[in-house]
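Everything below concerns the one structure shown next.
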Amino acid sequence: MASDDRNDKAETGMVPEVANLGILRPPLIYLGAIALGLLLHSVWSVRLVSRAVSVPLGGTTVLVAVALFLAAVRTLRTAGTPVPGNRPTTTIVRTGPYRYSRNPIYLSFSLLQLGVAFWVDSLWLLVTLIPAVALMSFVVIPREERYLETRFPSDYLPYKASVRRWL
């Protein structure tokens, strides 16, 4: 799309078709952070906590992450709106985990990486989680919020004001 087309789109207030067409796709951000953390861990292992604590804490956190992810996906599907950000959102969902977090899937991805960090007892997985959360907080989520504000102004703005971004 030419820059003049982009300016015309912004001036006419046209709503983009989807929330997330960028190369910064959330699953890839977290997958990349986990892969980099595991690579760094294999090269230079730096422990987080004792093994007696790491496995139960990591396993529990991973289970919570998976349960949250499944609940969020089920809630979106029940509402009839697609899960992937590269498909058009059809409604604002306020039920299930979306009552407490506007981004429970991203929260589950973060918890998954945190759980894996504890499970394999790797400081590097914790360190690589920081830029992943930063990318989500400062690039991906604001882009998605602009999309939702434009597409559903009367529904999304009150929802945004009443429910936190993460927790």
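What follows is calculated from the coordinates using simple rules that are stated; it is not laboratory data. In this text, all values refer to a predicted model and were calculated from it rather than measured experimentally. Virtual Cβ from ideal backbone geometry, glycine too; neighbours counted across all protein chains shown.
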Where q = 0.10, 0.15, 0.17, 0.19 Å⁻¹, what log10 of I(q)/I(0) comes from the Debye formula for the chain, counting one point per Cα?
-> -0.44, -0.87, -1.04, -1.20
Rank Thr89, Ile105, Gly115 by how far each Cα sits towards the positive end of the charge dipole of the chain (+1 on Lys, Arg Cβ; -1 on Asp, Glu Cβ) and give me just the farthest.
-> Gly115
Given the C-alpha centroids of region 119-167 and region 29-82, what is the distance between them in whole angstrom?
-> 16
What angle, in degrees between 0 and 90 and rounded to the nearest 10, separates the Cα long axis of helix 123-135 from the longest principal axis of the Cα atoms of the chain?
-> 10
Share of alpha-carbon pairs per 10 Å distance bin for region 112-156, given as whole % = 26, 31, 22, 17, 4
Give me the angle, in degrees from 0 to 90, between the Cα long axis of helix 153-162 and the longest principal axis of the Cα atoms of the chain, rounded to the nearest 10.
-> 30
